[in-house]
Amino acid sequence: MNDHDRDTLLAAAVRLRTGGRPEEARQRLLALCAAFPADAEVAYQTARVHDVLGLEAEAVPFYERCLDGTGLSEEDRRGALLGLGSSCRVLGQYERAVEVLRGGVERFPDDGALRTFLAMALFNTGDHRESTQLLLGLLAATSEDPHVRRYRSAIEHYAGDLHETI
């Protein structure tokens, strides 16, 4: 199989996944992974289809493979870090989820989804303080609610130390 065939088959599998036929996409992506074991993009799409199907344990090795490989776009790398961290959290691997998601936030500090999933994983590890700080900071920074925006400075201030009183 050549690179043109790979591109055509990968695009068809992604269309199947996004078109509501994830199991068919999964079968095609597994075949592509066998043919292109070092291909990070194929591994990423295979991980994603496993997530769509609720097969997080099966998704994890594909996320790891794509993140260890080369050739993954920055947007896909962002998605793979979120997917791996989220899958680890769903599987009860909370410490690993925090590690992966924290690394994602460090690499992509503007990504609110990564910060949100990190907050969830931190909650699962019992770090409620940092979890709440992250969520309050994100709320203050991104909310379009006029009432939240009115108190943005106060929310940001108290996010730093929720025990502080005036």
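The values are calculated or read from the model by the stated rules, or taken from the named source; none is laboratory data. As the structure is a computational prediction, the values presented were derived from the model and not from experiment. As a convention, Cβ positions derive from the backbone with ideal geometry for all residues, glycine included, and neighbour counts pool all protein chains shown.
What number of residues in the stretch 44-56 are more than 16 Å from residue 3 (Cβ to Cβ) and crowded, with 17+ Cβ neighbours inside 10 Å?
Of the residues in that region, 8 qualify.
May I ask you to list pairs of residues, at least six apart or on different chains, whose Cβ atoms are under 6 Å apart, with the first in the stretch 17-38 being modelled with pLDDT of 95 or more and the second being surrounded by 13 or more Cβ atoms within 10 Å (Cβ to Cβ) and not in a helix (DSSP H, G or I)?
Short answer, once both residue conditions are applied: 22/53.
Looking only at the stretch 99-127, how many residues end up being touching a residue at least 24 places away in the same chain (Cβ under 8 Å), aliphatic (A, V, I, L, M) and crowded, with 23+ Cβ neighbours inside 10 Å?
Residues flagged as touching a residue at least 24 places away in the same chain (Cβ under 8 Å), aliphatic (A, V, I, L, M) and crowded, with 23+ Cβ neighbours inside 10 Å within the stretch 99-127 amount to 4.
Of the residues in the stretch 109-166, how many are over 25 Å from residue 82 (Cα atoms) and among the aromatic types (Phe, Trp, Tyr)?
Total satisfying the criteria: 2.
Restricting the search to the stretch 59-77, which residues are part of a helix (DSSP H, G or I) and hydrophobic (A, V, I, L, M, F, W, C)?
Scanning the stretch 59-77 gives 59, 60, 62, 66, 67.
Of everything in the stretch 133-145, what is surrounded by fewer than 16 Cβ atoms within 10 Å (Cβ to Cβ) and assigned to a helix (DSSP H, G or I)? Give them in sequence order.
Scanning the stretch 133-145 gives 141, 142.
Determine which member of the set 89, 77 is out of contact with any His (no Cβ under 9 Å at 6 or more places or on another chain), crowded, with 18+ Cβ neighbours inside 10 Å, closer than 24 Å to residue 53 by Cα and charged (D, E, K, R).
None of the others qualify; the one that does is 89.
I'd like to know if the stretch 20-38 contains one or more residues that are of a type in the set (D, E, K, R), surrounded by 17 or more Cβ atoms within 10 Å (Cβ to Cβ) and over 21 Å from the mean Cα position of the chain (by Cα).
Yes - at least one qualifying residue is present in the stretch 20-38.
Cβ contacts < 9 Å: first residue under 20 Å from residue 132 (Cβ atoms), restricted to the stretch 144-157; second residue surrounded by fewer than 13 Cβ atoms within 10 Å (Cβ to Cβ), any location; separation 6+ or different chain. Result?
Pairs that qualify, where the first residue is under 20 Å from residue 132 (Cβ atoms) and the partner is surrounded by fewer than 13 Cβ atoms within 10 Å (Cβ to Cβ), are 157/164.
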